[in-house]
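Since the structure comes first, as structure tokens, the remarks are kept for the end.
The values are calculated or read from the model by the stated rules, or taken from the named source; none is laboratory data. Bear in mind that the values here come from a model prediction, so they are computed numbers and not experimental data. All Cβ positions, even for glycine, are placed from backbone atoms using ideal geometry, and neighbour counts span all protein chains on display. Side chains included, ligands, DNA and RNA excluded: accessible areas come from the protein's heavy atoms. Shrake-Rupley method; radii C 1.70, N 1.55, O 1.52, S 1.80 Å.
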Amino acid sequence: MADEIEPEDSKLTITKRKWAEQGKFLTGRITRPETDRLPPGQHLVKNWPVLDLGQQPQVSTERWKLDVRGLVNNRRTLDWAAFQALPQTGMRSDIHCVTTWSRYDNNWKGVSTHDFLDLVDPQEEAVAVMLTSYDGYTTNLLLSDFASPDAIIVTEWEGKPLSEEHGGPVRLVVPHLYFWKSAKWINRIEFLDRDQAGFWEKNGYHMRGDPWSEERYSDD
Ligand SMILES: Nc1nc2c(c(=O)[nH]1)N[C@H]1C(S)=C(S)[C@@H](COP(=O)(O)O)O[C@H]1N2
Ligand SMILES: [Mo]
């Protein structure tokens, strides 16, 4: 290959080395270069704000259930014990809320959506999921976003049970999208053959919500 006979510091080599440092052309979200960590229009906070529709349901682990419905081969209703019996994973990720705050380095524990999908086994036609929560909140995700390697159904934050105000006992965290996609107090996940709008998506928010493209609100 022509590359191999290039002198060490030729222009092309230097450019390529710079690209490597910047992570240029990398497609993985997790390997995003540090300089690009804060999405456009966001500012950092140290605390963790609480945002929701104003009704925080009190759901004990005894009462909590997760109904898995729609286009899956393994329709299940998981209770707390069944959920705890699934492989448990730790992950660290950043939060980006559409109201412009971001919070770095949150340590979560729970079930990765990968392991969850292994269990429920989506059918070929499934392309999207609709999440429904105990407060009546809904939000939609493409299955490809739900299946992201950093997406996790969490029960713990910083080594402690997830607090009620932040969605305990069980919420979703999809860190590569704005935080409204991360449903608190989840109760139901339905697999669908098309992407349908959830609560905020019906009320003017973007269907996908990528913070790096500032997909805050829908165009129409
Ligand atoms: N069930 C439920 N989940 C929800 C919401 C909600 O109102 N109800 N609000 C969303 C919005 S708009 C945001 S910004 C985050 C806030 O999560 P936090 O309160 O833990 O910061 O939760 C999301 N998940
Ligand atoms: Mo939000």
Inset, instruction - With θ set to phi - 60°, apply the Karplus curve 6.51 cos²θ - 1.76 cosθ + 1.60 along the range 60-70 and write out the HN-Hα couplings as whole Hz, x wherever there is a Gly or Pro. - result: 6, 5, 5, 8, 4, 9, 10, 8, 10, 10, x
Inset, instruction - Would you pull out the residues with amide H under 5 Å of VAL127's amide H, same chain only if 5 or more places away, H placed 1.01 Å from N? - result: LEU192, ASP193, ARG194
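Taking all protein chains in place and a 1.4 Å probe, what share, in percent, of the accessible surface of the range 11-213 do carbon and sulfur account for?
Here it works out to 51 percent.
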Inset, instruction - Collect residues whose amide H, placed 1.01 Å from N in the peptide plane, falls under 5 Å from the amide H of SER163; neighbours closer than 5 in sequence don't count. - result: GLY168
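Counting DSSP beta bridges with both partners in the range 11-213, what percentage is antiparallel, nearest 5? Don't skip to the end; give the middle numbers.
Working: 33 of 39 bridges.
In the range 11-213, approximately 85 percent of DSSP beta bridges are antiparallel ones.
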Inset, instruction - Show LYS181, LYS109 ordered by accessible area, largest first, where the area counts protein heavy atoms only and the probe is 1.4 Å. - result: LYS109, LYS181
Legend entry - Cα-derived Rg over Rh, computed across the range 11-213 with Rh taken as Kirkwood radius: 0.99
Legend entry - Net charge of Cβ neighbours under 10 Å - reference THR113; Lys, Arg +1; Asp, Glu -1: -4
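Quick check for you: with a 1.4 Å probe and neighbouring chains kept, what is the accessible area per residue of the range 11-213, in Å²? Walk me through the numbers on the way to the answer.
Numbers: 9990 Å² over 203 residues.
Accessible area per residue, the range 11-213: 49 Å².
Using alpha carbons only, what's the Rg to Rh ratio of the range 96-220 with Rh from Kirkwood? Intermediate values should be presented prior to the final figure.
Working: Rg = 13.8 Å, Rh = 14.7 Å.
When Rh is taken as the Kirkwood radius, the ratio is 0.94.
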Inset, instruction - Work out from phi, with θ = phi - 60° and the Karplus expression 6.51 cos²θ - 1.76 cosθ + 1.60, the ³J(HN,Hα) of each residue of the range 160-177, listed in order in whole Hz, and give x for Gly and Pro. - result: 10, x, 4, 5, 4, 5, 9, x, x, x, 9, 9, 9, 10, 10, x, 7, 10
Legend entry - Residues whose placed amide H lies under 5 Å from that of SER112, excluding near-sequence neighbours: THR89, ILE153
